[in-house]
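The values are calculated or read from the model by the stated rules, or taken from the named source; none is laboratory data. All of these numbers come straight from a predicted model, not from anything done at the bench. Here the Cβ is made from the backbone with ideal geometry for all residues, glycine too, and neighbour counts use every protein chain on show.
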C-alpha cells in the first residue's frame, strides 16, 4: 500500500464519520424517534458479532462465560456492574474450563 | 463514563499491538504508525492487513474501506440529534466516532439531565475518543516496534462483548428497545452463520432493520 492509498483510505474513513455528524440537519421528530431506537439493537448486535468467530463459530468458553456474567447483571442497567459481572464470568470460565 | 472507557482502552491497546505487529510486515514501521494515526479504525485496519496478505491491489482496499465505513453513517445520524454545537466542533468530534465511543456517548446522553444531553454526549465522545485513540496508537507503536501483548489477547477479546452488553442495557430505555435488541442479536447471528462475508456489516444493518417498524412502548 502506498502512502497515497493510505491517505485516501483515511479520507474515506473520516468523511464517513463526518457526513452525518456535520452535514445532516437536525432530524425531524419522526426520524429522531426512529434513530433513538437504533443504539440498543446495534450494541446487542455488536456483542453477538464479537461472540462469533469466523464462520459463525462461537468464541472460547471464558469469553462466553464473561458475556453470560454481563448479561446476568444487565437488568441493573449499570455499565460498571456489567463489567464486574463480565470479569466474574470470565474468572469462572477459566476455573471451570 | 470516561473512566469506564479505561478497560476498553486497555483491550484496544492489546489489539493495537497485534495490529502493529501484523501490519509492519506489509506496510513497514512508518506507514503502520501513520495508518493508526490517520485511520483510527481497528476493524478496517485489520481487514486491510488481511487483504494485503492475500495480495489485494488498490481497488479492493478502497472498496473495503468504503463498505466497512458505511456503518459510520448510521452511528453519526443516531448521534446528530444529540449534538448542539456548530459544524466545526462537530467536524472535530467526528474523527473520534467509533463503535465504542458511540456507545459511551449515547450512554452519557441517556443518563444526563434533559438540558445537558448535548454537552454530556459531546464531552464523552471527545474524552473517550481521545482515550481510545491514544490506546490504539500506543498499542500500534508497541507492536510495530516488536513488542507483544499477544499473551493477553484472549482476556482483551473478552472485554468487547461485555462492554457492548453493558452499553445495550444502558441504551435500552423502553421494553420495546429490549425486544428490538434481542431481535437484532438473532438477526446478526443468522447473518454470521448464513452470510459470513457480511458479518462485519451485520450489526448496523440489523440495528436499522429492527428500528424501523412499529411504535415505542
Residue that is nearest to the other protein chains (Cβ to nearest Cβ) [pool: residues in the stretch A:28-56 that are closer than 26 Å to residue B:213 by Cβ and out of contact with any helix residue (DSSP H, G or I) (no Cβ under 6 Å at 6 or more places or on another chain)]: A:32
Residues located in the stretch B:105-122, provided they are assigned to a helix (DSSP H, G or I) and modelled with pLDDT under 90: B:106, B:107, B:108, B:109, B:110, B:111, B:114, B:115, B:116, B:117, B:118
Number of the exception - residue B:101 against (1) buried (at least 24 other Cβ atoms within 10 Å of the Cβ); (2) under 16 Å from the mean Cα position of the chain (by Cα); (3) facing chain A (nearest Cβ under 10 Å): (3)
Candidates B:23, B:3, B:11, B:77 - the one that is within 30 Å of residue B:122 (Cα to Cα) and buried (at least 23 other Cβ atoms within 10 Å of the Cβ): B:11
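I'm trying to understand the selection: among the residues of the stretch B:195-217, which are in a helix (DSSP H, G or I), touching a helix residue (DSSP H, G or I) at 6+ places or on another chain (Cβ under 8 Å) and surrounded by fewer than 18 Cβ atoms within 10 Å (Cβ to Cβ)?
Keep residues of the stretch B:195-217 that are in a helix (DSSP H, G or I), which gives B:196-198, B:202-211.
Within this subset, residues satisfying the condition of being touching a helix residue (DSSP H, G or I) at 6+ places or on another chain (Cβ under 8 Å) are B:196, B:198, B:202-211.
Once the filter is applied, which keeps residues that are in a helix (DSSP H, G or I), touching a helix residue (DSSP H, G or I) at 6+ places or on another chain (Cβ under 8 Å) and surrounded by fewer than 18 Cβ atoms within 10 Å (Cβ to Cβ), the stretch B:195-217 yields B:196, B:198, B:209.
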Positions within the stretch B:34-59 being over 16 Å from the mean Cα position of the chain (by Cα) and more than 11 Å from every other protein chain (Cβ to nearest Cβ), in sequence order: B:53, B:54, B:55
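Closer than 26 Å to residue B:187 by Cβ, touching a helix residue (DSSP H, G or I) at 6+ places or on another chain (Cβ under 7 Å), free of Cβ contacts under 8 Å to residues at least 60 places away in the same chain and buried (at least 24 other Cβ atoms within 10 Å of the Cβ), is that true of residue A:86?
Details: closer than 26 Å to residue B:187 by Cβ: yes; touching a helix residue (DSSP H, G or I) at 6+ places or on another chain (Cβ under 7 Å): yes; free of Cβ contacts under 8 Å to residues at least 60 places away in the same chain: yes; buried (at least 24 other Cβ atoms within 10 Å of the Cβ): yes.
Against the criterion (closer than 26 Å to residue B:187 by Cβ, touching a helix residue (DSSP H, G or I) at 6+ places or on another chain (Cβ under 7 Å), free of Cβ contacts under 8 Å to residues at least 60 places away in the same chain and buried (at least 24 other Cβ atoms within 10 Å of the Cβ)), residue A:86 qualifies.
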Among (1) within 11 Å of chain A (Cβ to nearest Cβ); (2) assigned to a helix (DSSP H, G or I); (3) modelled with pLDDT of 85 or more - the single one residue B:127 does not satisfy: (1)
Residue B:183 vs. criteria modelled with pLDDT of 85 or more, in contact with a strand residue (DSSP E or B) (Cβ under 7 Å, 6 or more places away or on another chain) and surrounded by fewer than 21 Cβ atoms within 10 Å (Cβ to Cβ): no
Subset of the stretch A:57-89 (residues that are assigned to a helix (DSSP H, G or I), facing chain B (nearest Cβ under 8 Å) and farther than 18 Å from residue B:167 by Cα): A:62
